[in-house]
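Below is one structure, written out as structure tokens, with a few remarks after it.
A short reminder: the numbers here are calculations on the coordinates, not readings from a lab. In this text, all values refer to a predicted model and were calculated from it rather than measured experimentally. Cβ atoms come from the backbone with ideal geometry, glycine included; neighbour counts cover every protein chain shown.
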Ligand SMILES: [Zn+2]
């Protein structure tokens, strides 16, 4: 477990399954203890026991089983509030509170916003609490989610919302995929010095069995190939090299398709 201090809360990070991360958000000014995407109820139960606090909320980003499998057991044990997207309520097990970009969940002591970041699935949402982003499988370290349900246009819209967050926003995504993602990134963005230093840093971290997550929005904008179309120089260079239209959406779409085949 790793813990990160924010002004109004602490984030506890737990590895789960093969490469998932589960996050517990422990409020400093209230009894709120919320889990984001409980892949495995037993890990969350143990963590709550260790903290000596009951679980108050489940925040689901999307319906995939490796994000919701703990809902049933946790709801039964703690009678916690299950929060998920109104747009995908039918697929979120035991959902109590349906939220959207217009209707935010109310968690005592925390200022929480919801972004629709559909693309990986339809009805995929992200939670933003102060300078912390919980984005599920929308944005990864140096990557983004596969487009199982949404269109490239939708995903590109979603990623631009995340890129517009403050540079210092910490990115708490749901998988440790960073190193393989960085290998693809190097392949398409060879002259990027910030990318080279990230590869060095994150490789060291993984050798020490440390997480590469959280990253932050500034680092993702500088090194994540799926946000790099926002950089005009990169966008034009990539479009020219691949003989595709010189616009950000075309470049994003080409990158996503290349990664799927990579
Ligand atoms: Zn997923």
Just how many % of Cα pairs in the stretch 1-85 lie over 16 Å apart, if you round to the nearest whole percent?
-> 45 percent
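As a check on your grasp of the helix formula, calculate [θ] at 222 nm for the chain: sum -39500 (n - 2.57) over DSSP H runs of n ≥ 4, divide by the residue count, round to the nearest 500. Walk me through the numbers before you get to the answer.
Values: 9 runs with 93 residues, N = 262.
Dividing the helical sum by the residues of the chain leaves -10500 deg cm²/dmol.
Normalised by the number of residues in the chain, what is the relative contact order in percent for Cα pairs under 8 Å and 6+ residues apart?
Dividing the mean separation by the residue count of the chain yields 12 percent.
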Which order do 235, 155, 207 fall in if you start with the one that has the fewest other Cβ atoms within 10 Å?
-> 207, 235, 155
Relative to the longest principal Cα axis of the chain, at what angle does helix 193-207 sit, 0 to 90 degrees, rounded to 10?
-> 40 degrees
Between 0 and 90°, nearest 10: helix 248-261 axis offset from the chain longest Cα axis | 80 degrees
In whole angstrom, the spacing between the Cα centers of the stretch 152-177 and the stretch 1-71 equals 20 Å
Roughly how tilted is helix 152-163, in degrees to the nearest 10 and between 0 and 90, from the longest Cα axis of the chain?
-> 70 degrees
Kindly work out what percent of the DSSP beta bridges joining two residues of the chain are antiparallel, to the nearest 5.
-> 70 percent
So, by mean Cβ neighbours within 10 angstrom, what's the order for 141-147, 72-78, 33-39 with the highest one leading?
-> 33-39, 141-147, 72-78
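Take 219, 17 and order them by how many other Cβ atoms sit within 10 Å, fewest up front.
Values: 219 21, 17 14.
Result, fewest neighbours first: 17, 219.
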To the nearest whole percent, what portion of all C-alpha pairs in the chain is separated by more than 21 angstrom?
-> 57 percent
Checking 57, 124, 200 against a Gaussian network model of the chain (alpha-carbon springs below 10 Å), the top fluctuating residue turns out to be 200
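To make sure I understand, if each residue's beta carbon is the centre and we count other beta carbons within 10 Å, what order do 95, 125 fall in, fewest to most? Walk me through the intermediate numbers first.
Numbers: 95 23, 125 28.
Final ranking by Cβ density, sparse to dense: 95, 125.
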With 10 Å bins from zero, work out the P(r) of the stretch 79-200 over every alpha carbon pair and list the percent per bin.
-> 13, 39, 34, 12, 3, 0
